[in-house]
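Novice: Have a look at this one.
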Amino acid sequence: MVKRKNPFRILIFFITLLAIFSLLVLGFINYLKSPLDKDGEIRAFVVQKGESVSSIAERLESEKFIKSSLVFKFVYKNMGNPLVDAGDFKLSSSMGVEEIITNLSKGPIDRWVTLIEGWRVEEMAEELSKKLGIAKDEFIKISKEGYMFPDTYLFNPDATAATIASTMRGNFDKKYTGELQSKIKLKGLTLEQGVILASIVEREGRSDKVRTEVAGILLKRFKMGMKLDADATVQYAMGYDSKTKKWWRTIIQADYKFNSPYNTYLNNGLPPTPICNPSLSSLNALANADLNTPYLFYFHNSKGESYYGKTLEEHNDNVAKYR
């Protein structure tokens, strides 16, 4: 007589196998969650602006902070997908995955601050105050308009206004290279005049192509002794508009008579100082400006389209047609 297999014993067997397998998997996951190196030193890890969790996990693995990016993402999800801000963190391979995620979610040691090209120092001061608690008046007092290079910076929250201003000026000095300076001198400008004119180009043009064309026109007018007639200089002169809460107000006809040495509708030549902090694009535009441009006038309509005129009559026609 054939002995029948006991289905209960078979079930117990498979349950035991499943339990053993689960324990092995759990043990392996715990191993991958554990510190990669118990003697690991504290090192810097920078999370970039807009960086995804997958990218962070992959870099943590490639930079030898963790054993597995897949396990990092698994644990991160189980911890409720905590927010990770961009910035500079101090991590170590002696930390387990949960500890690393906890440190990342506490917030960075250093913080990213983006300072926009074309901003004046007061606008930069507002952003630095908002992101780092820097005293606005202190930053404005020690900053030099035109030389605070607009860029995305990683600053320590304890950084002083002096440290920040020095860092930004150092960045400007690196960007304003000897080659750029030589080209600007060949245009018949001093290095200071180059920065002033580049700051006007920054506010008057909104693309690399337009900046180069505007730079040629403004430089030609300057060389001819014509007034620059740049709206941005009037905006700078008039300053903050409490009604619109903007530093760069919309100009109306009466504003062109605003009495200021910065108003290039009233005064020949350049303003006394830069009117904003120009980008590398504007410095390059001036350095490569075409002195033989046939145009003396430019006009940007509300759609951002640009039109150029050789004569005042042609310019007025452009304004009438394309406003």
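The values are calculated or read from the model by the stated rules, or taken from the named source; none is laboratory data. Note that the structure is predicted; figures quoted are calculated from it, not measured. Backbone-built Cβ (ideal geometry, glycine too); neighbour counts: all protein chains shown.
Novice: Counting only residues that are farther than 28 Å from LYS183 by Cβ and touching a Lys or Arg at 6+ places or on another chain (Cβ under 9 Å), which one in the range 280-303 is modelled with the lowest pLDDT?
Specialist: Let us first name the residues in the range 280-303 that are farther than 28 Å from LYS183 by Cβ, namely 301-303.
Then keep just the ones that are touching a Lys or Arg at 6+ places or on another chain (Cβ under 9 Å); that gives 301-302.
Details: ASN301: 82, SER302: 74.
Filtering first and then ranking leaves SER302.
Novice: Kindly evaluate THR244 against the criterion of being in contact (Cβ under 8 Å) with a residue 40 or more places away in the chain, more than 20 Å from the chain's Cα centre (by Cα) and outside the structural domain of ARG120 (by TED's automatic domain parsing). First the steps, then the outcome.
Specialist: Details: in contact (Cβ under 8 Å) with a residue 40 or more places away in the chain: no; more than 20 Å from the chain's Cα centre (by Cα): yes; outside the structural domain of ARG120 (by TED's automatic domain parsing): yes.
For THR244, the condition - in contact (Cβ under 8 Å) with a residue 40 or more places away in the chain, more than 20 Å from the chain's Cα centre (by Cα) and outside the structural domain of ARG120 (by TED's automatic domain parsing) - is not met.
Conditions tested, residue by residue: (1) buried (at least 19 other Cβ atoms within 10 Å of the Cβ); (2) more than 32 Å from the chain's Cα centre (by Cα); (3) part of a loop (DSSP other than H, G, I, E, B).
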| residue | (1), (2), (3) |
| --- | --- |
| ALA232 | yes, no, no |
| THR250 | no, no, yes |
| ASN259 | no, yes, yes |
| THR264 | yes, no, yes |
| PRO278 | yes, no, yes |
| LEU291 | no, no, yes |
| LYS303 | no, no, yes |
| GLU314 | no, yes, no |
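Novice: Out of the residues in the range 166-210 that are of a type in the set (Val, Ile, Thr) and assigned to a helix (DSSP H, G or I), state the one that is farthest from THR273 (Cα to Cα). Lay out the reasoning, then the answer.
Specialist: As a first pass, look at the range 166-210 and keep what is of a type in the set (Val, Ile, Thr): 167, 177, 184, 190, 195-196, 200-201, 210.
Restricting the remaining residues to those that are assigned to a helix (DSSP H, G or I) gives 167, 184, 195-196, 200-201, 210.
On the way: THR167: 21, ILE184: 17, VAL195: 9, ILE196: 6, ILE200: 10, VAL201: 14, VAL210: 23 Å.
Top of the filtered list is VAL210.
So that you can scan it fast, the table gives a plain yes or no per residue for (1) under 13 Å from LEU32 (Cα atoms); (2) acidic (Asp, Glu):
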residue: ILE56; (1), (2): no, no
residue: ARG59; (1), (2): no, no
residue: GLU63; (1), (2): no, yes
residue: LYS67; (1), (2): yes, no
residue: LYS77; (1), (2): no, no
residue: SER93; (1), (2): yes, no
residue: THR102; (1), (2): no, no
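Novice: Moving to a separate point now. Can you pull out every residue in the range 234-248 that is surrounded by 13 or more Cβ atoms within 10 Å (Cβ to Cβ) and assigned to a loop (DSSP other than H, G, I, E, B)?
Specialist: Step one: of the range 234-248, the residues surrounded by 13 or more Cβ atoms within 10 Å (Cβ to Cβ) are 234-241, 247-248.
Across the range 234-248, the qualifying residues are GLY239, TYR240, TRP247, TRP248.
Novice: OK, next. Can you tell me which residue is surrounded by the fewest Cβ atoms within 10 Å (Cβ to Cβ) among those in the range 96-117 that are among the charged types (D, E, K, R) and under 30 Å from SER282 (Cα atoms)? Give the derivation first.
Specialist: So the first thing to find is which residues in the range 96-117 are among the charged types (D, E, K, R), and the list is 98-99, 106, 110-111, 117.
So of that shortlist, the ones also under 30 Å from SER282 (Cα atoms) come out as 110-111, 117.
Details: ASP110: 20, ARG111: 18, GLU117: 16.
This residue is GLU117.
Novice: If you don't mind, another one. Could you tell me whether VAL71 is outside any loop (DSSP other than H, G, I, E, B), at pLDDT 70 or above and closer than 23 Å to ASP110 by Cβ?
Specialist: Numbers: outside any loop (DSSP other than H, G, I, E, B): yes; at pLDDT 70 or above: yes; closer than 23 Å to ASP110 by Cβ: no.
No: the conditions fail for VAL71.
Novice: Something else now. Quick check on this structure: which one of LEU219, LEU191 is in contact with a Leu (Cβ under 9 Å, 6 or more places away or on another chain) and either on the phi < 0 side of the Ramachandran plot or not hydroxyl-bearing (Ser, Thr, Tyr) (or both)? Spell out how you get there, then give the answer.
Specialist: Working: LEU191 fails: in contact with a Leu (Cβ under 9 Å, 6 or more places away or on another chain).
Checking each option against the conditions leaves just LEU219.
Table: residues versus (1) under 30 Å from ALA57 (Cβ atoms); (2) acidic (Asp, Glu); (3) at pLDDT 95 or above; (4) in contact with a strand residue (DSSP E or B) (Cβ under 7 Å, 6 or more places away or on another chain).
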{"residue": "SER94", "(1), (2), (3), (4)": "yes, no, no, no"}
{"residue": "LEU104", "(1), (2), (3), (4)": "yes, no, no, yes"}
{"residue": "VAL113", "(1), (2), (3), (4)": "yes, no, no, yes"}
{"residue": "GLY133", "(1), (2), (3), (4)": "no, no, no, no"}
{"residue": "LYS144", "(1), (2), (3), (4)": "no, no, yes, no"}
{"residue": "PHE155", "(1), (2), (3), (4)": "yes, no, no, yes"}
{"residue": "SER182", "(1), (2), (3), (4)": "no, no, yes, no"}
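Novice: So, one more: Return the residues of the range 28-65 that are free of Cβ contacts under 8 Å to residues at least 40 places away in the same chain, under 30 Å from the mean Cα position of the chain (by Cα) and either closer than 14 Å to ILE101 by Cβ or outside any loop (DSSP other than H, G, I, E, B) (or both); say none if nothing qualifies.
Specialist: VAL53, SER54, SER55, ALA57, GLU58, ARG59, GLU61, SER62, PHE65
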